[in-house]
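Notes follow once the structure below has been shown.
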C-alpha cells in the first residue's frame with residue numbers, strides 16, 4: 001500500500017455525495033468554508049515563498065562561486081576574500097527549503113480537505129501539526145543560518 005493510496009483513502013472519507021439537509025447546512029456554512037479556503041491559500045503562498053527563498057539561496061551560492069572565478073586573475077582559481085571558501089552549505093540549505101515548501105503545500109491540502117469534511121459534519125477539531133512543522137522548521141533554519149554566519153566570520 002503506497003503513500004498515494006493512503007492519501008486517496010483518507011480523502012475519500014469525505015465523499016462529495018451530500019443529502020439535501022447537508023446541502024442546506026453547507027450553504028449556511030458558506031462563510032466558514034470560504035475562511036477555510038483562504039487559510040489554505042495562505043498556506044500555499046507560504047510554501048511557495050519558502051520554495052522561492054530556497055531557490056534564491058541555492059542560486060546565490062552558485063553565483064558567488066562563479067563570481068570569484070570570474071574576477072580571479074589566474075584562470076581556474078578562486079579569489080579568497082580573507083578566509084577560505086565555505087564548503088557550499090547554501091546549496092544544501094536551498095534544497096532543504098525547496099523540499100520543505102513542497103511538503104508544506106501537500107500538508108496544507110490534506111489539512112484543507114480534513115477541515116472541509118469536519119465543517120460539513122459539524123465536528124471541527126483544530127489541528128496543530130502544520131503550525132508546529134512551520135514553527136520548528138523556521139526555528140531550525142534560523143539556527144542553521146546563525147551557525148553558518150558565525151562560521152563564515
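No lab work stands behind these numbers, since they all come straight from the coordinates. None of these values were measured; they are calculated from a predicted model. Heads up, the Cβs are rebuilt from the backbone with ideal geometry, glycines too, and the neighbour counts pull from every protein chain shown.
Looking at the calculated P(r) for region 84-153, what percent of the C-alpha pair distances fall above 19 Å? If you can, show how the numbers build up before the last one.
Numbers: 1212 of 2415 pairs.
The calculated P(r) of region 84-153 puts 50 percent of pairs beyond 19 Å.
Based on the Cβ-Cβ distance of residue 56 and residue 109, what FRET efficiency does E = 1/(1 + (r/R0)^6) give at R0 = 22 Å, to the nearest 0.05? Can you show the working numbers first?
Numbers: r = 25 Å, r/R0 = 1.12.
Once rounded, the FRET efficiency stands at 0.35.
Determine, from the Cβ-Cβ distance of residue 41 and residue 121 and an R0 of 30 Å, the FRET efficiency 1/(1 + (r/R0)^6), rounded to the nearest 0.05. Present the calculation step by step, with values, prior to reporting the outcome.
Working: r = 23 Å, r/R0 = 0.76.
So the FRET efficiency works out to roughly 0.85.
Can you pull the one-decimal nm distance between simple spin-label points at residue 31 and residue 92, each 7 Å off the Cα toward Cβ?
Taking the simple label geometry, residue 31 and residue 92 are separated by 5.0 nm.
Measuring from label point to label point, each 7 Å out along Cα→Cβ, what is the residue 135 to residue 6 span in nm?
2.5 nm
Taking the Cβ of each residue in 51, 104, 34 as the centre, tally the other Cβ atoms inside 10 Å and list the residues starting with the fewest.
Details: 51 19, 104 22, 34 10.
Going from least to most buried by this count: 34, 51, 104.
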